[in-house]
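**Student:** Sharing a structure with you now.
What follows draws every value from the coordinates through simple rules; no lab data is involved. Everything quoted here is computed from the prediction, not taken from an experiment.
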Amino acid sequence: MPEERRPSIDERIRAMKLRMERLAEQGQEQEARSKQLHEEIMKNDREWHRFRRALRSGLQAYRGGTGEH
């Protein structure tokens, strides 16, 4: 059985460099996605607070503005 050829040091260094570049690209993509998700979460949070304020105002108006529960 023939002996399997092992990659040279230069080939291994090139392969490691390519892997590191890919990992860096993936990290940048994940960072961008994380920022996008954060913006969506903050938008949803603002909408939720606006809904709660509107609901509270509506209930207070319905109850005659006394604020009693």
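**Student:** Please report the Cα spread of the chain along all three principal axes, rounded to whole Å, starting with the longest.
**Tutor:** 91, 25, 11
**Student:** Can you tell me the 0 to 90 degree angle between the C-alpha axis of helix 9-62 and the longest principal axis of the chain, rounded to 10?
**Tutor:** So the inclination is approximately 10 degrees.
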